[in-house]
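A quick write-up on the structure given underneath.
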Amino acid sequence: MRSRVLLLAAQACLLGLCVSFLVVPASALFLARYGAEGLPFVYLAVAVLGVALSRGLRGLQARLSLTAVAVCCIGAYVVLVAAGWALLRFGDQTWVSAVLVGLFPLAIPVGFVLVGTQAGRLLDVRAMKRYFARIVAGFSLGFAVGGAGAAFLTGPLGGPVDLLLVDAVVGVAFLGAAVAAGRTFPTELARHPEPVVEHRNLSSGPAPRSPLVTVLFGYQLLSAAVTQLLDYLVWERAAYHFPDPSDLARFQGYFGTAINVVALAFVFLVAGPLLVRSGERGGLAANPLVVVLLLAVSAVVGLVSGAAAMIFFVVLGVQQVVHIALTDGMTRSAINTSYQALEAPVRLRAQTVVEAAGVPVALGFVGVLLLVFRIAHLDVRAVVVVTLVLSSAWLVLAAASYRGYRHGVLAQVTARPWEPVDLVESDGDAVDAMLHSDDPRDVVLALAAVRQGGSRSCVELAPLLESADPYVRMVAVCRAVGEGGPAAPAGEHTWLAAMSGADPVVRDAALAGCAAGPHPWFVTRLLDEVESAPPSAALTDAVRAHGPDLAPVAVQRLSLTEDRQVRQRLTRALGVVRDDLAETPAGLPPLSSELDPRAARVARALAAADSLGSEQELEPLRRGLLEDVTRSADAVAEVLAMYHGHRRVERVIAELGATVGDGESMAVELLEVLEGRRAGVRLAAVLDPDLEPHERLAVLDGTHAPRQTAADWVAELVTDPDGRWSDPWLRACALHAAPTVLGTAAADVVRPWCDDADPVVAETAQAALGRSRPDGGPGTP
């Protein structure tokens with residue numbers, strides 16, 4: 001992982017150097033020649049070129065490897081900069097500065113597409129959140145060094161023009177770094193793209209149409225528009241306060257250095273932990289929220305002091321410094337993490353559309369705004385107000401982007417290759433043929449396919465009510481109950497008699513019948529069965545079929561009972577019905593009420609197992625503790641299923657144990673997205689079936705698992721003074737281990753359990769008491 005991050009950070013650093021050695025001379029020459037009034041026209045040109053560039057970049061990505069695409073893009077950049085330097089140095093063609101100023105806002109998004117797409121191949125979603133801010137820090141470092149270098153070299157080089165030659169040299173180094181990355185990781189970066197195939201989430205058009213992509217495009221567009229407007233505010237005021245090109249170039253260099261030094265400090269000291277703690281929601285929302293607050297301050301200062309005041313210029317500068325720090329430390333990482341919520345065939349195209357096209361379109365939008373301001377004779381204070389409005393919209397899209405990301409991660413982890421579709425009464429001949437089939441399974445299927453209240457009445461069911469096959473008979477009975485009418489009371493009586501009878505086949509058929517013909521009348525009876533009988537496949541099917549009607553009643557019963565076994569059974573039933581509900585049932589207890597004690601129990605069991613030595617006599621206790629961890633994980637999974645459904649939770653657990661691909665990281669991310677970072681991390685530690693005990697304990701350790709000796713743990717498991725364990729089998733295992741761990745002192749701990757009501761506990765205690773005697777003889781209870 002370290003080598004991957006370093007290679008990506010090196011490319012980001014060289015990208016920062018490239019654009020800093022480009023923007024300082026290009027902006028100084030352009031502002032001196034055309035003034036800030038010429039920027040809107042450059043922005044409009046950039047919008048047109050950016051859309052064309054995005055299409056061209058997608059075409060390259062469809063034919064070439066990521067490394068080859070990087071070589072083409074960086075090589076073209078070097079050629080353009082070198083040509084611009086030659087025209088300025090030897091031809092005094094100052095119009096070239098407009099081209100180079102337009103190249104700057106194109107180079108940054110394209111450069112981050114190159115770096116970001118490589119990161120998407122080399123890092124999973126968890127590593128992206130943790131390390132991408134550090135990769136972006138390379139860009140900040142390069143921009144800071146480049147800005148300081150440009151300011152320092154402007155004098156010795158006799159002006160800003162020759163800085164472009166330095167930029168071309170740095171571009172060659174950037175090209176070499178991209179080639180080196182491809183050679184280091186050829187499987188991920190140097191392989192040619194696979195042919196595009198039809199896919200359910202891919203459109204036939206040039207750009208993916210996923211709702212998440214659309215929202216991210218809007219988010220990136222507003223982000224880039226706000227960034228460019230804030231840049232314009234600083235550049236316009238800088239041109240006012242520094243009319244000389246060399247002075248302006250020095251200011252741009254030092255200001256760029258200040259921006260990126262602050263960004264570096266933020267990334268390394270704050271951004272990583274803040275992004276991990278706040279998650280994707282905080283990463284997307286932090287920048288627009290802070291910018292809205294700062295712009296409100298800027299608007300007030302501009303109104304009070306006037307546009308020409310130095311304090312207004314200083315506030316605008318501070319505002320831009322904070323914005324860029326948040327962009328590098330939070331926003332870029334959050335956006336690149338968002339792409340991981342898309343399916344793999346979509347990610348590369350989506351990133352290219354969102355960044356390579358979104359940023360130029362934003363610049364064109366800004367260009368139109370600035371032209372409107374000029375025509376209306378509005379000064380920079382009007383720009384501040386409009387930017388405040390756009391930032392507010394940006395904040396709204398941050399919330400929408402997070403919702404899309406949440407749904408995307410959920411789909412990535414829990415989607416099944418196909419979903420079953422219910423039969424409907426659409427082909428009367430087929431249904432008739434199945435109803436008159438000699439195979440009882442066909443008859444049951446036909447009855448289940450006919451909707452309640454459909455065209456087939458109870459009269460048609462009459463012959464089936466006398467069928468010799470219990471499944472056909474009970475399905476017909478349940479259909480009669482659902483249809484109502486004269487046959488319904490008799491059907492209810494027949495179903496209740498079947499459920500109370502001793503024949504398990506008839507009981508199973510009765511449950512299968514109400515699964516095929518669901519009706520609200522069955523709800524309370526099914527819940528009575530859930531509370532009193534162990535789970536079965538037939539009961540599960542019946543419960544699932546009554547989901548919408550059964551869920552609120554089950555939640556009410558869960559809130560009223562304290563019986564542990566009944567709560568477990570109701571919890572499982574709610575998990576079953578949640579699969580088919582659009583939303584989580586209202587009124588459920590908070591997840592923490594079950595997760596916290598279960599996580600504490602897992603931590604204590606792991607700590608107890610870890611304290612045991614390697615003696616063979618302790619193996620049953622060690623195994624019993626690890627089995628208790630598994631049971632706790634199963635209980636937590638059942639509770640989590642109440643909120644999100646059994647199928648989803650099963651997929652999450654399967655992905656947590658995945659050894660190939662990034663399924664595990666996506667599953668952990670999903671748990672954090674669904675339940676928050678703290679609960680998500682603990683859920684992953686409890687649910688992961690392949691997590692080593694010491695790794696699980698490292699996450700759950702702390703106040704939950706006190707540092708105790710093996711003797712302390714054995715004594716606690718035997719006596720259970722707080723009623724924390726309440727497990728006869730664990731007590732028996734601890735009794736068996738007591739003589740080995742406690743020696744002769746075990747007798748006092750063991751003796752009270754020799755007459756326990758549980759025969760396994762009593763027999764184990766008697767045997768342990770004998771082993772705890774100095775002579776090894778039989779003990780006296």
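Here are a few things to note about the model shown:
- Scanning region 220-233 finds no residues that are surrounded by 17 or more Cβ atoms within 10 Å (Cβ to Cβ) and at pLDDT below 80.
- Any chance Ala150 is surrounded by 24 or more Cβ atoms within 10 Å (Cβ to Cβ), touching a residue at least 24 places away in the same chain (Cβ under 8 Å) and out of contact with any Asp or Glu (no Cβ under 7 Å at 6 or more places or on another chain): yes
- When Gly176, Gly205 are checked against the criterion of being out of contact with any strand residue (DSSP E or B) (no Cβ under 9 Å at 6 or more places or on another chain) and modelled with pLDDT of 90 or more, a single residue qualifies: Gly176.
- A count restricted to region 38-60 and to residues that are of a type outside the set (D, E, K, R), over 30 Å from Ile375 (Cβ atoms) and either in contact (Cβ under 8 Å) with a residue 60 or more places away in the chain or not in a helix (DSSP H, G or I) (or both) stands at 1.
- Every residue from region 476-493 that is in a loop (DSSP other than H, G, I, E, B) and touching a helix residue (DSSP H, G or I) at 6+ places or on another chain (Cβ under 7 Å): Gly485
- Of everything in region 527-549 that is over 17 Å from Asp580 (Cβ atoms) and exposed (fewer than 15 other Cβ atoms within 10 Å of the Cβ), the residue that is modelled with the highest pLDDT is Asp528.
- Residues located in region 1-59, provided they are closer than 24 Å to Ala86 by Cβ, open to solvent by less than 30 Å² (accessible area, probe 1.4 Å) and more than 35 Å from the chain's Cα centre (by Cα): Phe21, Leu22, Val23, Val24, Pro25, Ala26, Ser27, Ala28, Phe30, Leu31, Gly38, Val42
- Among the candidates Val291, Val297, residue that is touching a Phe, Trp or Tyr at 6+ places or on another chain (Cβ under 8 Å) and farther than 20 Å from Thr117 by Cα: Val291
- Hits in region 387-407 (condition: open to solvent by 20 Å² or more (accessible area, probe 1.4 Å), over 21 Å from the mean Cα position of the chain (by Cα) and touching a residue at least 24 places away in the same chain (Cβ under 8 Å)): Leu388, Leu390, Ser392, Ala393
- Residue within region 270-291 that is more than 25 Å from Val213 (Cβ to Cβ), open to solvent by 20 Å² or more (accessible area, probe 1.4 Å) and of a type outside the set (A, V, I, L, M, F, W, C) present: yes
- Restricting attention to region 124-168 and to residues that are aliphatic (A, V, I, L, M) and not in a helix (DSSP H, G or I), the residue that is nearest to Ala325 (Cα to Cα) turns out to be Val161.
For every residue, the table says whether it meets (1) open to solvent by 10 Å² or more (accessible area, probe 1.4 Å); (2) at pLDDT below 90; (3) touching a helix residue (DSSP H, G or I) at 6+ places or on another chain (Cβ under 8 Å).
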{"site": "Val300", "(1), (2), (3)": "yes, no, no"}
{"site": "Phe313", "(1), (2), (3)": "yes, yes, yes"}
{"site": "Val322", "(1), (2), (3)": "yes, no, yes"}
{"site": "Ala334", "(1), (2), (3)": "no, yes, yes"}
{"site": "Thr337", "(1), (2), (3)": "no, yes, yes"}
{"site": "Arg349", "(1), (2), (3)": "yes, yes, yes"}
{"site": "Leu363", "(1), (2), (3)": "no, yes, yes"}
{"site": "Val368", "(1), (2), (3)": "yes, yes, yes"}
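- The residues of region 589-600 that are open to solvent by 30 Å² or more (accessible area, probe 1.4 Å) and either of a type in the set (D, E, K, R) or over 22 Å from the mean Cα position of the chain (by Cα) (or both), listed by number, are Pro589, Ser593, Glu594, Asp596, Pro597, Arg598.
- Members of region 234-259 that are modelled with pLDDT of 80 or more, open to solvent by less than 30 Å² (accessible area, probe 1.4 Å) and under 15 Å from Ala148 (Cβ atoms): Ile259
- Among the numbered conditions (1) surrounded by 14 or more Cβ atoms within 10 Å (Cβ to Cβ); (2) closer than 30 Å to Cys733 by Cβ; (3) touching a helix residue (DSSP H, G or I) at 6+ places or on another chain (Cβ under 7 Å); (4) touching a residue at least 40 places away in the same chain (Cβ under 8 Å), the only one that Gly645 does not meet is (2).
- In region 61-72, the residues that are open to solvent by 20 Å² or more (accessible area, probe 1.4 Å), assigned to a helix (DSSP H, G or I) and either of a type in the set (A, V, I, L, M) or more than 15 Å from Glu188 (Cβ to Cβ) (or both): Ala62, Arg63, Ala68, Val71, Cys72
- For region 134-145, the criterion of being of a type in the set (S, T, N, Q) and open to solvent by less than 10 Å² (accessible area, probe 1.4 Å) is met by at least one residue.
- Boolean, Val262 is farther than 18 Å from Thr227 by Cβ, part of a helix (DSSP H, G or I) and modelled with pLDDT of 80 or more: no
- Of all residues in region 20-37, none are free of Cβ contacts under 8 Å to residues at least 12 places away in the same chain and charged (D, E, K, R).
- Complete set of residues in region 562-580 that are free of Cβ contacts under 8 Å to residues at least 40 places away in the same chain and open to solvent by less than 30 Å² (accessible area, probe 1.4 Å): Val566, Val577
The values are calculated or read from the model by the stated rules, or taken from the named source; none is laboratory data. What you see is a predicted model, and the numbers here were worked out from it, not measured in a lab. Cβ: placed from backbone, ideal geometry, glycine included. Neighbour counts: every protein chain shown. Remember, those area values only see protein heavy atoms, side chains included, never the ligands or the DNA or RNA. Shrake-Rupley method; radii C 1.70, N 1.55, O 1.52, S 1.80 Å.
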